[in-house]
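Scroll down for the structure; my scribbles are underneath it.
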Amino acid sequence: MRFYTRCLLSKWGFGDGSMLDDLIFDAGIELDEHELLIRVVRSFVLPQIDQHVDVFEIGSIHNPIRADAVDGKKVDNYSDDHGVPPLTPEFVDVPDDVILRLARSMVKPSPQSASADAREK
């Protein structure tokens, strides 16, 4: 999966926050897609960016993780200009299997399956 670093600069970035939806749906994984996107960006994308990017998380139907500042300069997430130079590299690739492994590790057992597991022991 290709993560364009410029997506951190926009309210509408990362497919308006939905870029992982099809991947986890097709894999049959049920979890909060925004929570997964945040974890992937923090774990695999931010460490690859050349600039220092301060991010914030926001509960929204849009992009849930956005740059607040780049190298100390405030970002305008609602503007096409953003107020900062382009981030480098332009994108970071994260293999689908890595994302899916992380997604599976985030799935919390349902109360029914947890009680069934307890009964089997």
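The values are calculated or read from the model by the stated rules, or taken from the named source; none is laboratory data. Please read these numbers as outputs of a predicted model, since none were measured by experiment. Glycine gets a Cβ as well: all are built from the backbone with ideal geometry, and neighbour counts include every protein chain shown. Note: accessible area is taken over every heavy atom of the protein model, side chains too, but ligands, DNA and RNA are not part of it. Shrake-Rupley method; radii C 1.70, N 1.55, O 1.52, S 1.80 Å.
In Å², and per residue, what accessible area does the stretch 1-64 have when probed at 1.4 Å with the other protein chains present?
52 Å²
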Within-13-Å neighbourhood charge of HIS62 [Cβ basis; K, R +1; D, E -1]: -1
Unit-weight point scatterers at every alpha-carbon of the stretch 57-101, Debye formula, q = 0.31 1/Å: log10 I(q)/I(0) is -1.11
Report, to the nearest whole %, how much of the accessible area of the chain belongs to carbon and sulfur atoms, 1.4 Å probe, protein only. 51 percent
For LYS11, what is the net charge nearby, where nearby means another residue's Cβ is under 12 Å from its Cβ and Lys, Arg count +1, Asp, Glu -1? -2
Calculating P(r) over Cα pairs in 10 Å bins from 0, in percent from this structure picks out, from (1) 13, 45, 33, 8, 1; (2) 14, 48, 35, 4; (3) 13, 41, 27, 12, 5, 2, entry (3)
Work through the residues other than ARG2 whose Cβ is under 11 Å from its Cβ and net out their charges, Lys, Arg +1 and Asp, Glu -1. -3
Just the accessible area for LYS73, please: 1.4 Å probe, Å², rounded to the nearest 10? 110 Å²
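Using unit Cβ charges (K, R positive; D, E negative) and no other charged atoms, how large, in debye to the nearest 20, is the dipole of the chain about its Cα centre?
Values: 13 positive and 22 negative charges, 81 e Å.
The dipole of the chain has a size of about 380 debye.
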